[in-house]
Structures are given as structure tokens and as C-alpha cells.
Amino acid sequence: MQYLSIKGNQKLKGSVGISGAKNAALPLLAVTLLSKNRVSIENIPEVEDVKTLLTLLGNLGSNSSCSNNHVTIDTTEVKSACANYEIVKKMRASILTLGPLLARFGHCEVSLPGGCAIGQRPIDLHLNALEQMGATIELKDGYVVAKAPNGLKGAAIIFNKITVTGSENIIMAASLAHGVTKLVNVAKEPEVVQLCEVLQDAGVVIEGVGTSNLIIFGSCGKLLDMKNFKVIPDRIEAGTYLCAGAITNSKITVTNVNPNHMKEITLKLIQMGFGIKETKSTITILPAKKILPIHIETTEYPGFPTDMQAQFMALCTQANGTSVINERLFENRFMHVSELGRMGTNIKLEGHSATIQGDSQLNSADVMATDLRASSALILAGFVAKGTTKIHRIYHLDRGYENLEGKFSKLGAKIERLEE
Ligand code: UD1
């Protein structure tokens with residue numbers, strides 16, 4: 001097994017190019033199941049989650065080729081509508097095939113997902129919405145068995161909680177449904193917006209894109225004429241690199257980003273005393289005279305993203321005072337706290353709230369990655385720890401960060417991937 005070795009007490013400098021957004025690429029690959037033609041997609045991040053979904057789509061019968069962050073995918077030969085456990089267990093987002101498969105074939109079997117261990121993460125909202133669209137759903141031997149032999153029907157659906165992949169699944173299903181679907185309380189994440197835009201380019205009429213209320217006019221089962229497109233930049237990867245600049249109090253620039261998608265992240269960095277300079281596609285972070293403590297509450301977009309919570313927690317250990325982070329989306333998303341504790345942090349947990357003592361001198365340690373974003377917090381902590389930190393189980397990181405040690409090395413970090 002591989003691990004990362006990180007030398008502490010580092011300064012970073014220079015610039016780093018940000019990849020396409022993993023969380024946009026996944027629904028955008030799933031939506032090609034609705035296409036009647038081959039689709040070419042640029043700026044696809046080469047990360048494990050994308051490879052897993054391409055394997056799943058390949059098992060269903062699609063053909064794809066991938067090189068230099070460019071994927072060409074043809075799903076016209078897909079015959080199977082069964083996403084099996086062996087693949088789905090690797091990645092929760094495999095559930096994104098449920099909506100498109102059911103809409104296209106009128107039946108499908110998708111294994112119940114595994115993925116990051118950050119709380120219960122049910123899919124009841126996905127299933128309820130599909131039932132409202134006329135599907136019958138059974139849970140059998142660990143599989144969601146869904147049927148809609150006469151096709152899905154437009155419906156008025158209110159999500160009683162905001163769900164990103166749930167919104168995406170139902171947007172895809174509604175695009176091929178018979179009639180009009182009205183969705184209330186839809187996620188407004190940039191990744192959801194891009195999915196809608198790609199569907200609009202394919203001829204689907206969607207009103208309200210970017211708001212929480214969508215009206216989608218289905219194609220009555222007709223496959224779509226999908227156009228080629230380019231995946232939006234990964235705001236979480238960009239935010240992680242900005243936090244690396246922040247924790248080492250260095251000046252670094254992230255390029256190929258959309259600063260409009262990152263307002264809440266840059267705002268928090270400014271509140272902590274860092275300088276932020278933006279152009280249309282770059283963000284530069286400038287050192288703080290004094291790193292200030294902060295109060296963060298994770299919420300749905302456009303609020304502060306839960307996927308940046310762990311990285312900011314590592315950063316707060318270096319602030320001049322006590323910070324508080326409230327995690328509102330996932331009940332179990334504090335697993336990095338005990339690993340950070342092994343490096344000498346002082347973080348107290350009470351329910352959904354973490355209180356982080358600043359001015360902590362961190363020590364190197366052997367630590368374990370527990371989920372994708374938690375692992376990046378350990379890297380950040382490693383950059384300011386005394387000595388060499390070893391991070392094990394880095395397959396979690398490879399799920400979502402492309403060429404991680406290459407990109408950090410380019411910024412001057414002493415980071416290596418080694419074999420146990
Ligand atoms: C997506 C992102 C993930 C991010 C999360 C929140 C992808 C591939 N993953 O995950 O990186 O951390 O959004 O921004 O895009 N819920 C239910 N029932 C459901 C669905 C969700 O109760 O049927 C709850 C969840 O337990 C959670 C909340 O809703 O408390 C939000 O989850 P959701 O937005 O669905 O997260 P994902 O789409 O899985």
C-alpha cells in the first residue's frame with residue numbers, strides 16, 4: 001500500500017493548475033446514458049472516482065476512451081441496466097446511474113451505495129421522487145430494483161431536504177420523462193447548474209436553472225442530442241490548495257478556477273486575515289500578518305461547503321485564538337479530528353460543533369486517511385508539523401485529487417508517495 005511522506009515547516013510558492021470538478025464530472029458522465037450520440041468531454045479530472053464510474057458505464061455496455069483529461073463516451077450500445085455491487089461499493093456516487101437508467105430502459109437494478117463513511121447518507125429522497133414519477137421501487141438483496149414499464153411521468157416534487165446527487169438524479173430522470181416535472185428545494189451547487197446547462201444544450205427545456213425551483217419539460221422517452229462540453233473547475237480542489245497557502249502563510253496562485261463559485265471560501269480566508277486577489281480565472285492568496293480565528297457553519301451552496309470543513313479545521317489550529325466549526329450537513333464528518341489529535345491539535349467536539357484551539361505547535365505522526373476531504377486536512381497539518389508526517393490509506397485522496405503530490409511538489413512542498 002502507498003502512503004504520503006510530508007516534511008513539515010514548509011513554505012510554498014508559485015502557481016498550480018486546478019482540474020475539472022469531480023462532483024461535476026460524475027453526473028455529467030452519468031447523463032451520457034441519455035444521449036443518442038457519442039459525447040466528447042474536456043477537462044475531466046483523472047481521479048479514481050471518475051475511473052470507477054467509467055468502469056461502471058463500461059460494464060453496462062458503453063465505449064469510452066480517456067487521455068489528457070479528455071473523455072469520449074458512446075453509450076448507444078448500452079443494453080444492461082444493472083449496476084452491480086462490486087463497482088457501486090467503491091463509490092457512493094454510482095447511484096447517479098439510477099435516474100438515467102430507469103428513465104431510458106423503464107427498469108434498472110442499482111446496488112445500494114457505499115462510499116465515504118461520513119454518516120448514514122440515505123437515498124430515500126432519490127427513491128421517493130422516482131416513486132412520485134410513477135416508478136415502483138423495491139429494495140431486494142442490497143439492490144434498488146426500480147420499474148417504470150410505461151416510462152416515468154412528470155410530477156410535482158418537493159425535496160424536504162436539499163440533496164445534491166438526489167437533485168441530479170431527478171433532473172436527469174425528468175429530462176426523459178413524459179410531461180412536465182416541477183422540482184422544489186433543488187440543490188443550487190455549480191455542479192447541478194452545469195448538469196442543467198448541458199441538458200439545455202441537448203434540447204431539454206429547463207426553467208429556473210440556478211434557483212431552487214426547476215421546471216423540466218421531458219422528452220417523452222426520446223434520447224437526447226448531446227453536445228460536447230468542458231467540465232467546470234473543481235472549487236474544492238482549488239479551496240484545498242488555497243488552504244495549503246494559508247496554513248503555510250505563503251503566497252500561491254490557483255489557476256483555471258471560477259472565483260464566482262468560491263465566494264464563501266475566499267470570504268472566510270479574508271476574514272482570517274489573508275489577502276485574496278482574483279482575476280477571471282485565478283485566485284492568489286497572500287500571507288496574513290496574524291491568522292485570525294473564525295466561526296464557520298457548513299451549509300448548502302452558496303453557503304460554506306462541507307467538503308472544505310476539514311481543511312479549514314487544520315488551518316484553524318494555526319489561528320491566533322479559538323475557532324468554532326459547526327457541521328450542519330453530515331453527522332459523522334469529524335473523523336479527521338482524532339487523527340489531527342495525534343499531531344498535537346486541541347479540538348473539542350460537542351455534537352455537530354468543533355472548537356479548535358489555535359496557536360498549536362503540531363508534531364509529525366503516522367496518521368490514517370478516513371475519507372476523501374478528511375485526508376487533505378492531514379496533508380495541510382503535515383505542512384506545518386515538526387518532522388515528517390506519514391499519511392496512510394491514501395486511496396481516499398486518490399478518489400478526488402488529481403496528481404496531488406505532483407501539484408504540491410510544483411508549489412515547492414516536500415511530499416512523496418512511497419510504498420509501505
Ligand atoms: C454531494 C457531494 C459531496 C458533498 C455533498 C454535500 C457528489 C458526488 N458528492 O454528496 O461531495 O459533500 O453533496 O454538499 O456530488 N440526504 C437524505 N436523503 C437522501 C439524500 C441525502 O437524508 O436521499 C441527506 C444526507 O444524509 C445529508 C444531506 O442530505 O445529510 C445532504 O446530502 P447530499 O446533498 O445528498 O450529498 P451527496 O449528494 O451524497
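The values are calculated or read from the model by the stated rules, or taken from the named source; none is laboratory data. In this text, all values refer to a predicted model and were calculated from it rather than measured experimentally. Glycine also receives a Cβ, built like all others from the backbone with ideal geometry; neighbour counts cover every protein chain displayed. With ligands, DNA and RNA removed, areas are computed over all heavy atoms of the protein, side chains included. Shrake-Rupley method; radii C 1.70, N 1.55, O 1.52, S 1.80 Å.
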### Task
Of the conditions (1) at pLDDT below 95; (2) at negative phi, Ala135 clears all except one; give me its number.
(1)
### Summary
In segment 17-45, residues that are closer than 30 Å to Leu242 by Cβ and touching an Asp or Glu at 6+ places or on another chain (Cβ under 7 Å) total 10
### Task
Would you check which residues across segment 57-102 are open to solvent by 20 Å² or more (accessible area, probe 1.4 Å) and assigned to a loop (DSSP other than H, G, I, E, B) and list them?
Gly61, Asn68, Asn69, Thr76, Glu77, Lys79, Ser80, Asn84, Lys89, Lys90
## Note on the structure
Every listed condition ((1) touching a residue at least 24 places away in the same chain (Cβ under 8 Å); (2) of a type in the set (A, V, I, L, M, F, W, C); (3) open to solvent by 10 Å² or more (accessible area, probe 1.4 Å); (4) within 10 Å of the ligand (Cβ to nearest atom)) holds for Ala129 save (3)
### Message
Suppose we keep only residues that are in contact (Cβ under 8 Å) with a residue 60 or more places away in the chain and either part of a helix (DSSP H, G or I) or not β-branched (Val, Ile, Thr) (or both) within segment 250-289. Which one would you say is most open to solvent (accessible area, probe 1.4 Å)?
### Response
Lys251
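Quick one: which strands (runs of 3 or more DSSP E) lie wholly within segment 356-420 and hold at least 2 residues that are among the aliphatic types (A, V, I, L, M) and in contact with a helix residue (DSSP H, G or I) (Cβ under 7 Å, 6 or more places away or on another chain)?
Numbers: elements: 366-368, 388-392, 415-419.
Result: 366-368.
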#### Entry: Residues located in segment 311-347, provided they are assigned to a loop (DSSP other than H, G, I, E, B) and open to solvent by less than 10 Å² (accessible area, probe 1.4 Å)
Thr317, Ala319, Glu327, Met343
### Query
Restricting attention to segment 365-386, which residues are open to solvent by less than 40 Å² (accessible area, probe 1.4 Å) and farther than 26 Å from Leu53 by Cα?
Ala365, Val367, Leu378, Ile379, Leu380, Ala381, Gly382, Phe383, Val384, Ala385
### Message
If I ask for residues that are buried (at least 24 other Cβ atoms within 10 Å of the Cβ) and over 25 Å from the mean Cα position of the chain (by Cα), which ones from segment 146-175 would you list?
### Response
Ala146, Leu152
### Query
Quick check, is Leu102 touching a residue at least 12 places away in the same chain (Cβ under 8 Å), more than 12 Å from the ligand (Cβ to nearest atom) and touching a Leu at 6+ places or on another chain (Cβ under 9 Å)?
yes
